[in-house]
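The values are calculated or read from the model by the stated rules, or taken from the named source; none is laboratory data. None of these values were measured; they are calculated from a predicted model. Methodologically, a virtual Cβ is constructed for each residue, glycine included, from the backbone with ideal geometry; neighbour enumeration extends over all protein chains shown. Only protein heavy atoms, including side chains, enter the accessible area calculation; ligands, DNA and RNA are left aside. Shrake-Rupley method; radii C 1.70, N 1.55, O 1.52, S 1.80 Å.
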Amino acid sequence: MSLVMSFTVKNLLPATICSIRSNFPSSIHKYSTGPSKTSSNVLDHLTDWETLSKNRKTSKAMKAYLERAKEHDEFMKRQHLEFNIGKRHLANMMGEDPETFTQKDVDRAIEYLFPSGIYDPAARPLMKPPEEVFPARKAAEFDEAGRPHHFLFYTGKPSFFKVLYDAAEHIQALNKFEDKVIRKKATPDPNGSLKLEGSVWLTKEQLEQSLVESIKEIEYENFKVVMERLVSSPYAYLCKDFIEKYRKPLAMQRFALEIPKPSYDEEGRAFITTYECLRKKARGEVTIRYPGSGKISINGKDITYFEDIQPREQVMFPLIFSGMQNSVDVECHIEGGGPSGQAGAIRWGIAWSLRSFVEKDMLEKMQVAGLLTRDHRRRERKKPGQPGARKKPTWKKR
Amino acid sequence: MFSRNWRVLSRAYSQAVTFRTSEISPQHQNDKQIGLFYTLKQDTCKELFSNGGLPKSFMKQTKTFTETTLMIRQPALDLINCIKSTDFNKPVIRYVLYGEKGCGKSLTMAHMIHYAYEDGYLIVHVPWVSEWLRRVPRHKEMSNSQTREGLVDLPLDAAAWLIHFKSQNQTLLKSSDLKISKEYVWSKREKTESGAPLSELVEHGIARIKYACDVIDALISEIKILSNNKQCKTFVAIDGFNSFFYPLTRLNTPTKKKVKPDEVTLTKSFLELTKNDWNNGIILLSADQLAVPDENQDSYFPRYLLRKQGFEYLDPFVPIEVGRYSDKEFLSCASYYRDRLWLRGPPEIETELKFTSACNPFKFMEQCAPL
């Protein structure tokens with residue numbers, strides 16, 4: 001109801017209320033959320049309360065909704081009850097105090113009592129509060145008389161269009177603010193700036209989830225266009241809160257954070273040891289010493305440990321790629337698997353250890369070249385009824 | 001046009017890096033020329049190695065390059081220096097070449113044979129012992145020896161070797177006065193008089209294949225006597241010598257009995273030659289992993305390859321290791337290949353090849369072939 005009222009007020013009295021001062025985004029919010037004293041007085045005059053109260057009949061839609069809501073509420077209540085009882089049981093089973101048993105303890109207990117090796121974590125047994133398990137439902141969007149609460153109800157997607165509407169409002173407010181700044185010949189605030197490098201816009205799915213509405217592809221595109229326009233304004237930092245609601249931070253790149261510092265041996269040379277260099281069935285460790293002469297030792301032998309050219313090339317690749325082949329010494333201990341698996345493990349180990357000794361742009365190049373990526377492929381099992389993993393018997397008509 | 005440009009480019013490249021030497025006589029080669037290539041004359045090469053002596057893959061390459069070039073390497077120079085300072089009145093010194101597979105033992109031996117040829121030695125060269133004992137073609141000629149009880153003859157191999165011997169020592173056999181010291185009676189009608197030239201004995205072996213093994217035996221004792229009398233100096237080179245000491249050969253007698261190396265007449269003769277009971281000669285042997293079966297190739301050191309028996313037999317000897325390419329040798333070899341248009345592409349290719357071949361000459365040659 002209040003939303004509707006504020007809308008009308010704004011349309012009727014733009015000049016008196018929307019002074020230049022109130023053009024900040026925060027003030028717009030205020031208007032849209034709670035009407036002030038003056039506006040309620042005006043509304044009393046405008047709204048025909050008598051006619052409204054006369055036909056105070058509950059609409060059919062409302063009735064149906066009320067029934068459904070009641071059912072759902074009861075269901076949720078039951079679920080809550082069951083969850084709480086279950087939680088107490090679980091606490092007793094684990095021998096802990098049921099009063100202070102938190103969700104974290106529940107997860108731990110479930111993992112302990114129902115150990116699961118299922119690959120997908122979503123498929124493992126869980127016990128969560130019912131709100132998290134059952135999808136949220138929209139509350140009634142209309143009052144008992146059947147009048148919608150939301151001013152954009154008849155668009156069919158009120159929350160989504162509200163976002164666009166708000167964005168447009170913000171853009172206008174910012175334009176006005178810019179005009180004002182130019183008129184006053186003031187310099188823009190150098191400290192105010194928006195940092196968008198570390199985050200991206202919500203994806204379509206994420207947006208749908210947060211709005212509890214399904215949107216079309218083209219609508220999502222429109223969303224992005226409007227938001228980009230908002231962001232392109234030099235004073236976009238003024239509506240930072242609004243923008244950040246629809247952005248998601250990017251995961252930081254792993255190697256940038258965790259590059260280990262090399263330790264020093266008795267000769268004063270920097271060295272890094274990478275344990276657990278794995279590929280296929282091969283397991284090993286690689287040590288790299290920094291001021292070196294390009295010596296390579298694999299299980300006490302030199303590169304002739306590998307007979308064939310392919311594994312030798314594998315070992316050589318990260319060294320040649322980073323141009324360090326004559327400035328580091330490599331020492332590997334590797335066991336298990338065959339030559340190509342061992343060579344692959346060494347290759348990864350060398351590249352992983354070299355991170356500490358190369359520059360940042362080379363590190364990025366190595367990342368792009370796939371040197372820092374583990375190869376998780378394993379041998380595929382043989383299937384019964386056929387000669388190999390995928391190979392089928394020769395087809396014969398009869 | 002394109003190929004001509006290439007040729008001009010690579011010519012320019014090869015002139016920038018020296019990899020050749022004009023010093024074609026091994027006697028005058030010195031330390032300054034290490035890593036450089038020298039060219040064998042076509043007819044010398046034909047004389048020395050037409051019946052074997054150079055590895056097969058190397059022969060192929062020489063055919064492609066239309067020249068036979070050898071790299072001057074440290075082991076060969078060391079050997080030449082040793083030989084130059086040897087006292088020939090003392091019993092013969094035995095040198096054993098050893099090293100990893102494909103490091104150039106056979107080519108070092110070929111280099112030494114060229115040296116011996118230039119220096120006027122009588123060359124007794126066995127290209128590859130395993131050819132006799134381990135390689136069994138479809139029709140391997142074998143017969144029981146008639147003169148020595150319980151031994152096996154390989155007449156065809158023996159005759160082939162006699163031809164090799166003859167071609168290697170053409171000039172010496174033709175010109176010199178190498179005479180036989182005693183009379184050899186082969187059968188009722190055939191005999192070789194004492195005082196006949198050595199070449200007659202060889203010719204007899206080639207003509208009468210049946211007696212080839214006995215001829216070799218006689219020849220070897222004659223060579224020993226001649227050397228002792230200072231009538232000639234002898235250079236013995238045997239490649240894959242450790243084959244003689246491996247417990248079994250791959251030969252079978254017609255009665256399906258396995259033959260041991262000791263039971264072959266050729267083995268007896270050449271083991272007789274490698275004893276140090278004579279003088280005025282040089283003995284150069286090689287111990288090679290390739291001369292024994294795969295399961296006995298764990299190490300390349302002479303003690304392992306010659307086994308206890310062979311090691312004690314040869315003791316004392318001078319071991320000489322033939323190693324992988326040094327940086328300089330590798331660079332020179334790479335520029336030689338570039339000169340021959342055998343290797344193309346950017347210069348970075350050499351760093352990679354150096355790494356992947358681990359400076360092993362044979363591997364390097366192999367890996368350059370498809371480039």
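Figures for the structure shown
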read-out: Kirkwood Rh in Å, taken over all unlike Cα pairs in the protein assembly as shown; value: 36.3
read-out: From phi via Karplus (6.51, -1.76, 1.60), per-residue ³J(HN,Hα) for the stretch B:203-214 in Hz, x at Gly/Pro; value: 4, 4, x, 6, 6, 10, 4, 4, 9, 4, 5, 5
read-out: Total formal charge among the other residues, if their Cβ is under 11 angstrom from that of A:ALA168, Lys/Arg +1 and Asp/Glu -1; value: 0
read-out: Residue (of B:TYR325, B:PRO26, B:TRP161) at the positive-pole extreme of chain B, dipole from beta-carbon charges; value: B:TRP161
read-out: Loop GluC sites (Glu not before Pro), the stretch A:192-284 (other Cβ atoms within 10 Å of the site Cβ: 11 or fewer; DSSP); value: A:GLU197, A:GLU266, A:GLU267
read-out: Total formal charge among the other residues, if their Cβ is under 14 angstrom from that of A:LEU90, Lys/Arg +1 and Asp/Glu -1; value: -2
read-out: Taking chain B and dividing mean pair separation by its residue count, relative contact order in percent (alpha carbons under 8 Å, at least six apart); value: 24
read-out: Average beta-carbon neighbours from other chains, 10 Å sphere, peptide B:353-364; value: 4
read-out: Percent of Cα pairs exceeding the 13 Å cut-off, where the set is the stretch A:77-133; value: 61
read-out: Value of Rg to Rh for the stretch B:87-318 (Rh from inverse mean 1/r over Cα pairs, i.e. Kirkwood); value: 0.95
read-out: Per-residue ³J(HN,Hα) for the stretch B:291-303, Karplus 6.51 cos²θ - 1.76 cosθ + 1.60, θ = phi - 60°, Hz, x for Gly and Pro; value: 7, 10, x, 3, 6, 10, 10, 5, 9, 9, 7, x, 4
read-out: Whole-number accessible area per residue in Å² for chain B, which is evaluated in the context of all protein chains at 1.4 Å; value: 47
read-out: Contact surface A-B: accessible area buried, both sides summed, square angstrom, 1.4 angstrom probe; value: 900
read-out: Dipole of the protein assembly as shown [Lys/Arg +1, Asp/Glu -1 at C-beta], most positive-end residue of A:ALA236, B:SER106, A:ALA167; value: A:ALA167
read-out: Charge dipole of the stretch A:77-133 about the Cα centre (unit charges at C-beta), most positive-ward option of A:MET94, A:TYR112, A:ALA122; value: A:ALA122
read-out: The stretch B:216-340: relative contact order in percent, alpha carbon pairs under 8 Å with at least 6 residues between; value: 28
read-out: Per-residue ³J(HN,Hα) for the stretch B:104-120, Karplus 6.51 cos²θ - 1.76 cosθ + 1.60, θ = phi - 60°, Hz, x for Gly and Pro; value: x, 5, 5, 6, 4, 5, 4, 4, 5, 5, 4, 4, 4, 5, 5, 8, x
read-out: Simple spin-label estimate for A:ASP375 and A:TRP395 in nanometres, 7 Å along Cα-Cβ; value: 3.2
read-out: B:ARG134 accessible area, assembled protein chains, probe 1.4 Å, Å²; value: 40
read-out: Given charges at beta-carbon only (K, R positive; D, E negative), |dipole| of the protein assembly as shown in Debye; value: 2340
read-out: Qualifying trypsin sites (Lys or Arg not before Pro) in the stretch B:222-329, DSSP loop, other Cβ atoms within 10 Å at most 15; value: B:LYS230, B:ARG250, B:LYS256, B:LYS257, B:LYS275
read-out: Occluded residues from the stretch A:304-340, i.e. those whose accessible area drops by 20 Å² or more once the chain is not alone (1.4 Å probe); value: A:THR304, A:GLU307, A:ILE309, A:ARG312, A:MET316, A:ILE320, A:GLN325
read-out: Averaged over A:293-302, number of beta-carbon atoms from partner chains that fall within 10 Å; value: 1
read-out: Distance between the stretch A:58-120 and the stretch B:332-369 - C-alpha centres, whole angstrom; value: 72
read-out: Accessible area (Å², 1.4 Å probe, nearest 10) - A:VAL231; value: 30
read-out: Across A:LYS224/A:LYS245; B:LYS174/B:LYS233; A:LYS295/B:LYS105; A:LYS185/A:LYS240; B:LYS90/B:LYS275, pairs whose alpha-carbon gap is larger than 20 Å; value: A:LYS295/B:LYS105; A:LYS185/A:LYS240
